[in-house]
1. What do you get for the angle between helix 319-330 and the principal long axis of the chain? Use alpha-carbon atoms, 0 to 90 degrees, nearest ten.
2. What is the range 87-131 by shape, rounded, prolate or oblate, if you read a ≥ b ≥ c off the alpha carbon gyration tensor as root eigenvalues and call it rounded for a/c under 1.5, prolate for a/b larger than b/c, and oblate otherwise?
3. Principal axis extents for the range 116-220, Cα atoms only, whole Å, descending order, please.
4. Compute the distance from the alpha-carbon center of the range 1-35 to that of the range 62-116, in whole Å.
5. DSSP beta bridges in the range 116-220, what fraction antiparallel, as a percent rounded to 5?
6. Can you tell which of 232, 31, 186 shows the greatest fluctuation in a Gaussian network model of the chain with Cα springs below 10 Å?
7. Would you list 214, 19 from fewest to most Cβ contacts within 10 Å?
8. Given a Förster distance of 25 Å, report the FRET efficiency between residue 307 and residue 218 from their Cβ-Cβ distance, rounded to the nearest 0.05.
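Values quoted throughout were computed directly from the atomic coordinates according to the rules given, and no laboratory measurement underlies them. What you see is a predicted model; the values in this text were computed from it and never measured. Methodologically, a virtual Cβ is constructed for each residue, glycine included, from the backbone with ideal geometry; neighbour enumeration extends over all protein chains shown.
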């Protein structure tokens, strides 16, 4: 690279990093591949220099550690963020960008589009899947149907998504530009999205209906998010978000069966206590609280239809608001919770 071009690139990179630290990266600094999505990721990098323990907003300093050409007028860039304490210069993150030399400016993108350039593509309805090796087309078809069903039930137009099938969360992070992130080290079972029409899979599973529900619920909600209500509906209309040992999404039906077995083995537990404390009795991924709420939300829907569901979504944060709507439509309250919810469990098919 000519010295003049290198100076231009480094100056543009410095400007981008300054804007990120200020929380104000600019759309004209991104592109050409899906600039809106790259902009969202760049905004999420704000605070990466912070050290909460030391209460130092400039503790981790970015350093250029790699820069090389990958195509005409395109360069791969790597930065590390190292602590500025001489006694403990720990690594916070390694971040990658793709830089593009345009006619009049230099822009930056996350590396997803470069790293997936040779992936296969398969379209199913409103969902375009990108994957390196294999795809379960039946499951992809089912997710497309879920996407349509959830949006339509809430009175919304089903949206189109580009869906990237990744084996685990660390693979997703690399596509987003995180070669390493100390805050996410070791995490593998999460997905990412939806956002700006893009989804990254949970453990290579083609179904993302749990968070698609949250995405559409966000579009109609005007008040604060009620986690009990939204997680309950997401468990029912979608799934429990995580995959089981066979790579299948964990369903409400699976969890009901396991929970009945748990109650037989632990008869001393009461349902409202389990709902309130929300323990992880199915491993470390799915909560009793969300499962019990899914049964209650199903009862609200049976009695009040989508009107009741929308009222639950928009009831505001906190259990008091949740039970205000639940009691209104089902009569279930904190006093009769154990009796009424046990009845729902026993009738579940």
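1. 50
2. Oblate, because a/c is 1.5 or more while a/b does not exceed b/c.
3. 40, 28, 19
4. Measuring centre to centre over Cα atoms gives 10 Å.
5. Bridges in the range 116-220 that DSSP calls antiparallel: roughly 55 percent.
6. Top of the fluctuation ranking is 186.
7. 19, 214
8. Values: r = 19 Å, r/R0 = 0.76.
Here the calculated transfer efficiency is 0.85.
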